[in-house]
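Notes to accompany the following structure.
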């Protein structure tokens with residue numbers, strides 16, 4: 001068992017660093033690949049993703065906490081806890097698709113976001129790990145030798161570290177995929193379904209309130225994967241030339 005001193009303030013530091021790293025990586029990749037849509041449309045898509053992610057993250061995060069605490073309007077409007085990455089990804093994806101439909105954008109616009117999202121979430125998970133019990137992302141008690149005591153004398157699964165490793169491996173796989181011929185939008189879809197599948201599995205190791213044997217985040221993952229599978233055929237697009245990358 002390892003002992004780890006909790007540093008809740010570092011969560012904010014690494015969360016901010018996650019945004020910086022993710023955007024810097026996206027900007028670099030976009031400069032190399034070019035745009036499949038115009039400047040004004042691109043910023044509309046980015047704004048839609050940000051708004052959708054904020055709403056989805058807060059909504060699902062608060063719903064997940066609802067069985068344990070009394071949710072108020074102030075908690076929904078004020079910054080702070082009650083956020084989840086799954087809600088942010090699904091919310092951003094849904095709002096982007098709505099905005100693209102309204103603006104008549106037919107190009108798939110998510111591929112360049114896939115690897116930056118992986119790296120950004122991975123950096124953020126370092127903050128979650130260092131925040132310890134205050135972050136509420138730790139795992140259930142375990143007797144495995146790599147269990148971590150976050151300060152309460154109980155060895156727990158370091159699910160934040162598990163996710164960090166998974167995301168780094170996923171980022172490498174997605175980078176390899178980007179360099180091969182692929183359908184426009186396929187890289188982002190692989191990222192999203194892989195992350196949702198991961199969260200569906202890893203959350204069984206977390207001590208969270210269950211509804212029908214799974215927590216609400218897991219149910220959201222299932223819903224997202226079902227929608228992705230059902231819309232795959234309708235959103236197929238031609239293969240890109242070798243070495244090209246879709247935005």
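Each reported figure results from applying straightforward, stated rules to the coordinates on display, with no laboratory input. It should be emphasised that the depicted structure is a prediction, and the values quoted were computed from it without experimental measurement. Every residue, glycine among them, receives a Cβ derived from its backbone with ideal geometry; neighbour counts consider all protein chains shown.
Okay, here's what the table says:
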| item | result |
| --- | --- |
| Volume per residue that the Cα convex hull of the stretch 161-229 spans, once the total is divided by residue count, Å³ | 74 Å³ |
| Kirkwood Rh, angstrom, the stretch 2-42 [1 / mean 1/r, Cα pairs] | 12.9 Å |
| Relative exposure of 57, 230, judged by other C-beta atoms within 10 Å (fewest first) | 230, 57 |
| Rounded to 10°, Cα long-axis angle of helix 186-202 versus longest principal axis of the chain | 10 degrees |
| Helix axis angle, 111-131 relative to the chain longest principal axis, alpha carbon, degrees | 10 degrees |
| Share of alpha-carbon pairs per 5 Å distance bin for the stretch 108-163, given as whole % | 4, 19, 26, 17, 12, 9, 7, 4, 2, 0 |
| Stretchable slack from residue 133 to residue 161, in nm (0.36 nm times residue separation minus alpha-carbon distance) | 8.7 nm |
| Gaussian network model of the chain, springs between alpha carbon atoms under 10 Å - residue of 153, 224, 87 with greatest fluctuation | 153 |
| Helix 159-178 axis, angle to the chain major axis (alpha carbon atoms, nearest 10°) | 10 degrees |
| Top of 158, 209, 116 by mean-square fluctuation, Gaussian network on the chain, Cα under 10 Å | 209 |
| Ranked 108, 28, criterion: other C-beta atoms within 10 Å, fewest first | 28, 108 |
| Candidates 137, 12, 109, ranked by Gaussian network fluctuation over the chain, Cα under 10 Å, top entry | 12 |
| Rg followed by Dmax, in Å, when the stretch 88-210 is reduced to its Cα trace | 17.1, 56 |
| Ellipsoid semi-axes in whole angstrom, largest first, where each is sqrt(5λ) of the Cα gyration tensor of the chain | 32, 20, 17 |
